[in-house]
Amino acid sequence: MEENKEFTIDIHTHILPKTWPNLSEKFGYGGFIRLDHIDNGNARMMQDDKFFREIEPNCWDIDIRLQQCQQWGIDVQVLCTVPVMFNYWAKAKDTLYMSQFLNDHIAEIVKEHPKKFIGLGTLPMQSPELAIREMKRIKNDLGMPGIQIGSHINDWELNDENLFPVFEAAQELDLAIMVHPWDMLGKERLKKYWLPWLVGMPAETCSAICHMIFGGVLEKLPQLRVLFAHGGGSFPGTLGRIKHGFDVRPDLCAIDNAKSPQHYLDKIFVDSILHDENMLNYVKDLMGSEQIALGSDYPFPLGELEPGKLIKSTQRDPIHRKNLLSDTATRWLNLDMNQYV
């Protein structure tokens, strides 16, 4: 690495294969995402006949991705699938098939570019048994240091007893976890103005954090390393209310865990996708820079359009800056940096 060059890891980027099998035809029922490539070089993500999102080639083209990383000074990207591909609603064996397809795709990219990319796997979380089996493959065969999961699994919140064995196995396997919001809270009401993404998504992440704290998951598994996307959603901004509620109504809030939510601020991680200098500084003061890792949500427009710019343009303290740009990421993922520098 060049002298004085800052090493930078973007821990939150999404990727898809350019093509995959027609899952509705393969499994005999609908609801799965397919890609329809169009003349302008982009592709439309379609759920049966319903349009979901148009994506650009940087979502699958590794050469474009590498060029843009160089342009922005990103040394390493952490790759994970797009949450709509979780497929938790489907039959577990079918979700396992697609999880393995996506995991193998990411693993192959990492194998081809081992100093530029790190992979997070996806799991059939609706079947804890299959999820644990795939986690072991992710760790032992594919060499990935972590997994990405949704903020809830159908009707199971993250404190559900059905999911505890998965988290227990993740701790035993030393796999980091990224919790990404999906299937947003209040989507039935938030029908206009992109509000499911602007309002529902931060609330969804806050709900996931509260369920893991109040439900005692983080207390029972103290070595579990969990990162919550998008700066922890609305959790940092509403922590005062959450803590006050815990203090004044322990009969409602402390029934599964007697420790205050504030106790866990140095035990969870968040990414830096906050879009605002004041909010980044607030979360840094609240949690410590050693709990925040650079994330961009690349290549989607609601993420940071120039990855790392907010941190690089606002953070002057060299220790905080280094934590945000790389050191927190290496601790969350338990990386040996000699592999990448």
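The values are calculated or read from the model by the stated rules, or taken from the named source; none is laboratory data. What you see is a predicted model, and the numbers here were worked out from it, not measured in a lab. With ideal geometry, Cβ positions are generated from the backbone for all residues, glycine too; neighbour counts draw on all protein chains shown.
Taking region 27-42 only, how many residues are within 23 Å of the chain's Cα centre (by Cα) and part of a strand (DSSP E or B)? Of the residues in that region, 3 qualify. Counting only helices (runs of 4 or more DSSP H) that sit wholly inside region 236-316, those with at least 3 residues that are closer than 21 Å to residue 219 by Cβ are 250-253.
The residue that is surrounded by the most Cβ atoms within 10 Å (Cβ to Cβ), counting only those in region 1-38 that are at pLDDT below 95 and of a type in the set (D, E, K, R), is 6.
Filtered by the rule that a residue be polar (S, T, N, Q) and not in a helix (DSSP H, G or I), region 194-226 gives a lone residue, 223. In region 165-187, how many residues are part of a loop (DSSP other than H, G, I, E, B) and farther than 20 Å from residue 203 by Cβ? Looking only at that region, the number is 2.
Figure legend. Inter-residue proximity from region 153-172: first residues within 15 Å of residue 219 (Cβ to Cβ), second residues surrounded by fewer than 15 Cβ atoms within 10 Å (Cβ to Cβ), beta-carbon distance below 8 Å, spacing 6+ or different chains. Indicated pairs: 159/256; 164/220; 171/223.
Among the residues of region 278-308, the ones that are in contact (Cβ under 8 Å) with a residue 12 or more places away in the chain and more than 20 Å from residue 265 (Cα to Cα) come to 11 in all. Of the helices (runs of 4 or more DSSP H) entirely within region 61-164, those holding at least 1 residues that are small (Gly, Ala, Ser) occupy 92-112, 128-140.
What number of residues within region 1-20 satisfy the criterion of being assigned to a loop (DSSP other than H, G, I, E, B) and touching a residue at least 40 places away in the same chain (Cβ under 8 Å)? Walk me through how you get there before you give the answer.
Quick first cut of region 1-20, residues assigned to a loop (DSSP other than H, G, I, E, B) only: 1-8, 15-20.
Filter again for touching a residue at least 40 places away in the same chain (Cβ under 8 Å), leaving 1, 6-8, 15-18, 20.
Counting residues in region 1-20 that are assigned to a loop (DSSP other than H, G, I, E, B) and touching a residue at least 40 places away in the same chain (Cβ under 8 Å) gives 9.
Scanning for something over 21 Å from the mean Cα position of the chain (by Cα) and in contact (Cβ under 8 Å) with a residue 24 or more places away in the chain, does region 201-208 turn up at least one residue? There is no residue in region 201-208 that is over 21 Å from the mean Cα position of the chain (by Cα) and in contact (Cβ under 8 Å) with a residue 24 or more places away in the chain.
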